[in-house]
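The values are calculated or read from the model by the stated rules, or taken from the named source; none is laboratory data. It should be emphasised that the depicted structure is a prediction, and the values quoted were computed from it without experimental measurement. So basically every Cβ, Gly included, is an ideal-geometry build from the backbone, and we count neighbours across all protein chains shown. What goes into the accessible areas is simple: the full protein's heavy atoms, side chains included, and nothing from ligands, DNA or RNA. Shrake-Rupley method; radii C 1.70, N 1.55, O 1.52, S 1.80 Å.
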Amino acid sequence: MDNTAKKTAATGKCPMDFNFFDQETLNCPYEFYETLQEQAPVYHLPDTNIYMVSRHADIKKISKDTKTFSNNFNHLLKGPEPAPEVTEIYNRAWQPVDTLVTADPPKHKTYRTLVNKVFNLKRVNTMAEYMEKIVHELIDGFIEKGECDFVKEFTTPLPVYVIADQLGVPRKDLKEFKEWSDSFARRLSQLATPEEQIEDAENIVAFQFYFADMIKKRSEEPKDDMITDLVNTVINDAETGEQRKLSMEELQNLLQQLMVAGNETTTSAITSGMVSLINNPQQMQAIQADPGKIANAVEEILRMESPSAGLWRVVTEDTELHGVKIPKESLVMLRYHAANHDRAVFENPTDIDIERSNASDHIAFGQGIHFCPGAMLARKEMVIAFTALFERLKDFEIVEEKSDLNFWPNIVLRGRKGLYLSFKKK
């Protein structure tokens, strides 16, 4: 464990001593989190209209109050004040609408009911054998080398293959699929450069036209995939009470959410989970000795790493929390990663403990009505991945000179840039 992760607010620092947007803080935010939780559980980030909430109990409470803390943050997705050329690119295609993540009740129920059908437990369970096949094929691709670029050869293709296959995207198009997903993820970061914003806009528009064509084909020739389900299902509109099919704008919005949620976060969780286990040999030995511990280990990894590090809420009326006045239209950052390191809930929170009795109390998948609908699929993928890796390989080591363990500059998603491993066959 990095020594900086063990420092506490007892060092005498205050929140102003940290810059949340600095790479150093993004890489190792634990001292910052503990300082916030002790001194400023509702922290107004300097020179912004952002208020960060870091305590586990407060985030659970806010997540239930959709009236005061709205999920309608669609206007944030294009970044702060996009340049005219960026706006012009987006105007070539369909404009965003509020569906799942950015919708409040009663509208939210319309889409949640539909997506719950797509990601139901029966469907996820029937996918287990198919996911095991993908995992073992990926391992077959590098097992004889004794080393691998773990991110490029395993943690990226695994969830990309799964979600792309479920959506009905041909394997030949997966390179573009991943590029589009990366652009959506970077747009969420709020930290993209002007050049990156233009590149992301071009990719996102390309995504829209690609899937518009696929939507048209599935409406004419249905197949056994998620797009067919979304295109042809008649929904009950919770706002109007009418029965109808989804519009093109609604379908585009849902598909981009499924694409990003279906691969970026799983890649990050498996990657960082492997780093944590390798850096804690006793934990690694325990999980390899008893595969029955893998399911709880996955919960602990999700708690520790929280690949969805935080999410926005928009304040709909002047409110107050812990004596801090939060004006209407302010942004609240629900910092899930901080909450999952809250000492009031988790003992020794910066230590990985695969036998932690309350590991599943984490809120890595969010909370309340916006709890991630793909949580079952992500958990299943992670369990299958770690089971196969530890069944076939041993003596994992990080190849430092080929790895970049820094995290991408992103305040919403938390993922490492690169991990290269050496190992031995069992």
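Worth pointing out:
- Gyration tensor (alpha-carbon) shape descriptor, the range 134-284, a/c threshold 1.5: prolate
- Extended-chain gain in nm, criterion 0.36 nm per residue less alpha-carbon gap, N120 and E88: 7.7 nm
- Solvent-accessible area assigned to carbon and sulfur over the chain amounts to 50 percent, based on a 1.4 Å probe.
- Cross-link table K293/K380; K67/K107; K175/K245; K245/K380; K175/K417, entries beyond 24 Å C-alpha to C-alpha: K175/K245; K245/K380
- Taking Lys and Arg as +1 and Asp and Glu as -1, the other residues whose beta-carbon sits under 15 Å from that of T66 total +3.
- Taking the three principal axes of the alpha carbon atoms in the range 181-237, the coordinate ranges are 40, 23, 18 Å, sorted in descending order.
- Once the 1.4 Å probe is applied to the protein heavy atoms, the chain comes out at 44 Å² accessible per residue.
- Listed peptides 404-411, 190-197, 349-356 appear in the order 349-356, 404-411, 190-197 once ranked by packing, highest mean of other Cβ atoms within 10 Å at the front.
- From phi via Karplus (6.51, -1.76, 1.60), per-residue ³J(HN,Hα) for the range 139-146 in Hz, x at Gly/Pro: 5, 4, x, 10, 4, 6, 7, x
- The largest accessible area among K175, K145 belongs to the first residue in K175, K145, and the rest follow in falling order (1.4 Å probe, all chains).
- Under a 5 Å amide H cut-off, with hydrogens placed 1.01 Å from N, L413 pairs with A309 among residues at least 5 apart or on other chains.
- Positive dipole terminus of the chain, leading residue within H337, G241, Y420 (C-beta point charges): G241
- Within-11-Å neighbourhood charge of I270 [Cβ basis; K, R +1; D, E -1]: -1
- Net charge of Cβ neighbours under 11 Å - reference N49; Lys, Arg +1; Asp, Glu -1: -1
- Whichever lysines have a C-alpha closer than 17 Å to that of K145, once near sequence neighbours (fewer than 8 apart) are set aside: K394, K402, K424, K425, K426
- When the alpha carbon gyration tensor of the chain is reduced to an equivalent ellipsoid, its three semi-axes come out at 31, 30, 20 angstrom, largest first.
- Applying 0.36 nm per residue to the separation of E242 and Q282 and subtracting their alpha-carbon distance, the gain on full extension is 8.7 nm.
- Label-point separation in nm, N358 to H44, each point 7 Å along Cα→Cβ: 3.2
- The charge dipole of the chain, taken about its Cα centre with unit charges on the Cβ atoms of Lys, Arg (+1), Asp and Glu (-1) only, comes to about 1020 debye.
- A crude spin-label estimate for the pair D213 and A57, with each label 7 Å from Cα along the Cβ direction, gives 5.5 nm.
- Using a probe of 1.4 Å, the accessible surface attributed to V345 totals some 50 Å² when neighbouring protein chains are kept in position.
- In the complete set of protein chains, residue-level accessible area for E24 is approximately 150 Å², probe 1.4 angstrom.
- The packing ranking of peptides 178-188, 54-64, highest mean first, is 178-188, 54-64, where packing means the average number of other beta carbon atoms within 10 angstrom of each residue.
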